[in-house]
Amino acid sequence: MLFDTHVHLNADQYEEDLEEVIDRARKDKVDNMVVVGFDRKTINRAMELVEKYDFLYAAVGWHPVDAIDMTDEDLAWIEDLASHEKVVAIGEMGLDYHWDKSPKDVQKEVFRKQIRLAKKVKLPIVIHNRDATADVVEILKEEDAKEVGGIMHCFTGSLEVAKECMEMNFYISFGGPVTFKNAKKPKEVVKEIPMDMLLIETDCPYLTPHPYRGKRNEPAYVRLVAEQVAELKNVTVEEIAEKTTANAKKLFGIN
């Protein structure tokens with residue numbers, strides 16, 4: 001049993017062959033997935049998918065790159081969706097200083113609003129962080145995000161940052177980049193992370209693991225992440241699958 005905690009099956013890249021992609025994942029024992037919506041279009045599509053498939057769950061939030069587009073109506077809509085039985089997290093949210101579509105002050109404001117919303121609806125949060133680690137950690141502390149905790153999605157930071165995040169009840173989730181030959185830092189962090197704070201994901205269709213790097217990613221490839229993590233931690237793939245699935249179900253409140 002594998003649990004892919006971050007998929008974008010709601011992306012246009014799966015328009016032609018979504019059924020086949022889902023079938024391959026199921027055949028490879030990927031028993032649960034969280035479909036992440038991050039704007040109007042992708043949230044609507046995520047909700048359609050979780051209504052259709054019992055093994056899919058949704059996270060709903062607003063991406064920092066598009067923070068400038070988020071309205072109060074959008075935030076109220078996300079709050080309404082939070083009561084849906086298949087919505088298990090708020091996000092992805094956070095800060096992205098790589099792209100400059102949304103000014104940093106706007107990103108920070110939208111990030112804070114979503115943390116407060118998550119605390120109000122009592123759901124964990126999914127954090128997107130690109131080139132903004134210090135500000136992300138500072139805002140999580142200032143907004144007392146520890147109250148709900150969540151996931152540091154596709155973590156590539158240092159062990160020191162991972163420890164700070166774990167102290168705030170955030171699981172550390174690894175995706176395709178941990179399989180890259182030059183990914184020294186994530187590999188070192190994996191070795192040190194306690195098993196009860198560990199999650200795995202694909203972020204498909206992005207960040208495809210080795211040996212498929214450069215091609216479209218899909219949930220079935222989460223097994224490659226599990227294999228790499230198992231090797232680094234010197235345990236079996238079955239142990240990683242079992243523990244990360246249990247961790248995900250605990251975080252998301254899935255029985």
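Relative to the compact-globule scaling 2.2 N^0.38 Å, provide the ratio for the alpha-carbon radius of gyration of the range 1-94.
Compactness ratio reported: 1.07.
Between the alpha-carbon centers of the range 156-199 and the range 82-99, tell me the distance in whole angstrom.
Between the Cα centres of the range 156-199 and the range 82-99 lies a distance of 20 Å.
Taking R0 as 25 Å, what FRET efficiency do you get between Val121 and Lys250 from their Cβ-Cβ distance, rounded to the nearest 0.05?
0.85
Non-local amide H neighbours of Val87 (under 5 Å, H modeled in plane, Pro and chain starts lacking H): which ones?
Long-range HN contacts for Val87: Ala58.
Got a sec to turn the phi values of the range 208-220 into Karplus ³J(HN,Hα) couplings, 6.51 cos²θ - 1.76 cosθ + 1.60 with θ = phi - 60°, whole Hz, x for Gly and Pro?
5, x, 4, x, 9, 3, x, 9, 5, 7, 8, x, 4
Run the quick spin-label model on Phe180 and Lys41: label points 7 Å from Cα toward the beta carbon, then report their separation in nm to one decimal.
That separation, rounded to one decimal, is 2.6 nm.
Within the P(r) computed for the range 127-176, what percentage of the Cα pairs occupies the region above 14 Å?
Everything past 14 Å amounts to 43 percent.
Sort the following peptides by mean Cβ neighbour count (other Cβ atoms within 10 Å, averaged over residues), highest first: 73-86, 7-20, 188-201.
188-201, 7-20, 73-86
Which of these, Val65, Val36, Val21, has the largest mean-square fluctuation under a Gaussian network model of the chain (Cα springs below 10 Å)?
Ranking Val65, Val36, Val21 by mean-square fluctuation puts Val21 first.
Under 5 Å between amide hydrogens, which residues at least 5 positions from Tyr206 or on another chain qualify, with H placed 1.01 Å from N in the peptide plane?
So Tyr206 has HN proximity to Asn217.
Anything over 20 Å Cα to Cα? Flag those among Lys86/Lys120; Lys146/Lys249; Lys29/Lys185; Lys187/Lys250, in the order listed.
The pairs that break the limit, which is 20 Å between Cα atoms, are Lys29/Lys185; Lys187/Lys250.
Tell me what the chain gives for mean residue ellipticity at 222 nm when only DSSP H runs of n ≥ 4 count, each as -39,500 (n - 2.57), the sum divided by the residue total, rounded to 500 deg cm²/dmol.
So the helix-based figure for the chain works out to -13000 deg cm²/dmol.
Can you list the equivalent-ellipsoid semi-axes of the chain, largest first and in whole Å, using the square root of 5 times each Cα gyration tensor eigenvalue?
25, 22, 17
What do you get for Rg/Rh over the range 166-232 if you use C-alpha atoms and the Kirkwood form of Rh?
Ratio of gyration radius to Kirkwood radius for the range 166-232: 0.97.
How high is the relative contact order of the range 163-208, given as a whole-number percent (alpha carbon pairs under 8 Å, six or more residues apart)?
Once divided by the residue count of the range 163-208, the mean separation gives 49 percent.
Once amide H atoms are built 1.01 Å from N in the peptide plane, which residues 5 or more positions from His6, or in another chain, come under 5 Å H to H?
Close amide H contacts, sequence-distant or interchain: Val34, Thr202, Asp203.
Please compute the length gained on full extension between Asn169 and Tyr206, using 0.36 nm multiplied by the number of residues separating them and subtracting their Cα-Cα distance.
Value of the extension gain: 10.7 nm.
Any idea what the dipole of the chain comes to, in debye rounded to 20, about its Cα centre with Lys/Arg Cβ at +1 and Asp/Glu Cβ at -1?
Computed about the Cα centre, the dipole is about 660 debye.
With r defined as the distance between the Cβ atoms of Glu160 and Arg112 and R0 fixed at 22 Å, what FRET efficiency is calculated, to the nearest 0.05?
That pair, Glu160 with Arg112, gives E of 0.40.
None of the figures in this text is laboratory data; all of them are computed from the coordinates on show. Note that the structure is a prediction, hence the values are computed from the model and not measured. Backbone-built Cβ (ideal geometry, glycine too); neighbour counts: all protein chains shown.
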